[in-house]
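Some notes on the structure that comes next.
The values are calculated or read from the model by the stated rules, or taken from the named source; none is laboratory data. Just so we're clear, the structure is a prediction, and the values are computed from it rather than from any experiment. Here the Cβ positions follow ideal geometry from the backbone for every residue, glycine too, while neighbour counts run over all protein chains shown. Calculation scope for accessible area: heavy atoms of the full protein, side chains included, ligands and nucleic acids excluded. Shrake-Rupley method; radii C 1.70, N 1.55, O 1.52, S 1.80 Å.
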Amino acid sequence: MATIAGSALSFARPVKAVNTSSLSFSASRKGNAFLRLQPVQKRFAVSYAAKKDTVDKVCEIVKKQLAVPEGTEVCGASKFSDLGADSLDTVEIVMGLEEEFGISVEESSAQSIATVEDAAELIDKLVSAKSP
């Protein structure tokens, strides 16, 4: 028998731990509750492919372009929108990156940039494609 209080769930008997990525709970009627555990496939994994030097340079350019206050952390996962950037700011950031790295970013690629890491990965890809 299981007892539910607020967001806690306790069982009258010991329950074997199950490694699962999904848990659903529903109360069909007052007093009766059903608990269903089911595994969920891993859909994607996040990997950072950009070089640390590239990420650091992009962070500095973003800080400069957006006039980020001193002490505000800007890292690979930082979203431009969370730093206060609007679409015009993002265009200016891309132009600064093009100038710094000597590359040209297509508009379609520029629209997919949302984070510092996105920009750094694109830059690394464009720089390596440019090199013979």
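Here are a few things to note about the model shown:
- Residue 81 vs. criteria in contact (Cβ under 8 Å) with a residue 12 or more places away in the chain, under 17 Å from the mean Cα position of the chain (by Cα) and open to solvent by 40 Å² or more (accessible area, probe 1.4 Å): yes
- Taken over region 91-123, the residue count meeting the criterion of being surrounded by fewer than 19 Cβ atoms within 10 Å (Cβ to Cβ), farther than 17 Å from residue 81 by Cβ and of a type in the set (Asp, Glu) is 5.
- Of the residues screened, residue 126 is not one that is surrounded by 13 or more Cβ atoms within 10 Å (Cβ to Cβ), without any contact (Cβ under 8 Å) to a residue 24 or more places away in the chain, of a type in the set (A, V, I, L, M, F, W, C) and within 19 Å of residue 50 (Cα to Cα).
- Members of region 65-78 that are out of contact with any Leu (no Cβ under 8 Å at 6 or more places or on another chain) and either open to solvent by less than 60 Å² (accessible area, probe 1.4 Å) or under 17 Å from residue 120 (Cα atoms) (or both): 65, 73, 75, 76, 77, 78
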